[in-house]
Amino acid sequence: MNQPRPRAKRFLGMTANQLILLGGILVFLCCVLAGGMGLLNLLVGTVYAPVMSSIDLPTPPASPTAAPTLPPTGTPAPTEIPYEALIPPDWKQFTLPEAPGMEFWLPGTYKTLSGKEKDNSSPAPLYGPNVDDMKMLMVLVDSKESMLLLYTNAFVSVVPMRGDFDETMDVVFGALLRRGRPVEQREIEVSGLPAQKLVIDINFNGVNAGIVVYTFQRGGELWQFGFITPYNELFARMEEFDAAARTFRLRPVTPTPTITPTVPPPTNTRLP
């Protein structure tokens, strides 16, 4: 009687030979997949390598170079204009012995007035009784007649200070401004000193006139250099008045040294 053959051992329902065959198939499939992935990577690298190499990458900006430090330069001093360059041609010089150091220039048609002519042409009455101590140093007239048969006058005056500059201006020009109409007021420079230019429209001796005054302080006195002209000629002659004010100056007066005679010392030599 035939005995039954022993059954081979099974794992997961498969025999050992079946498991070995299945493992070989799995190993083969893994090799195929690994080889395929390697081949695919090689093909991709070959295709895209030229494209990547042709791309221009941005160049990083160069680090800024510090500018050289320059030494500080001072503001150039304004060039001083020589006094002679301020004098227009064909003008003449005016001075006064009673005011040593004073000098200004006007067109050659001006002349100095004195006596009754000076008093009649003086603008002092326009300033009112509060300025009765004003000293009218000079009154001049332009001998060239205007279309209205009137003349243009120039004047130089001084008055003692009443406090500071602004307080003195209020007192000196108070009555004049009440009688007239201020047209212009601004700060300027006369004879190297801070000054004010004041233009007033006023009725003078029955005629509408324009008064231009250049005012500055020197020591304890308020100086005025001014002009009175027919109002219809005021602005036509303004450039001439400003040019005259630029020539007005007060130079320092150097006192003359006193000469003391030298007496020789006595000698004790006995006479024969």
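The values are calculated or read from the model by the stated rules, or taken from the named source; none is laboratory data. Worth saying up front: this structure is predicted, and the values here are computed from it rather than measured. Heads up, the Cβs are rebuilt from the backbone with ideal geometry, glycines too, and the neighbour counts pull from every protein chain shown.
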If W223 satisfies all but one of (1) in a loop (DSSP other than H, G, I, E, B); (2) surrounded by 15 or more Cβ atoms within 10 Å (Cβ to Cβ), what's the number of the condition it fails? (1)
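From the list L177, L126, which one is assigned by TED's automatic domain parsing to the domain that holds I202, surrounded by fewer than 18 Cβ atoms within 10 Å (Cβ to Cβ) and at pLDDT below 95?
The unique qualifying residue is L177.
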For I211, indicate whether it is surrounded by fewer than 22 Cβ atoms within 10 Å (Cβ to Cβ), part of a strand (DSSP E or B) and in contact with a Gly (Cβ under 8 Å, 6 or more places away or on another chain). no
Select the strands (runs of 3 or more DSSP E) contained entirely in region 84-197, then report the ones holding at least 2 residues which are among the aromatic types (F, W, Y) and closer than 23 Å to R218 by Cα. 102-107
Under 7 Å between Cβ atoms, which residue pairs at least 6 apart in sequence (or on different chains) link something in region 137-165 that is under 21 Å from Y127 (Cα atoms) and free of Cβ contacts under 8 Å to residues at least 60 places away in the same chain with a partner that is charged (D, E, K, R) and part of a loop (DSSP other than H, G, I, E, B)? L137/E98; Y151/E145
When you look at S121, is it among the hydroxyl-bearing types (S, T, Y), surrounded by 17 or more Cβ atoms within 10 Å (Cβ to Cβ) and either on the phi < 0 side of the Ramachandran plot or free of Cβ contacts under 8 Å to residues at least 60 places away in the same chain (or both), yes or no? yes
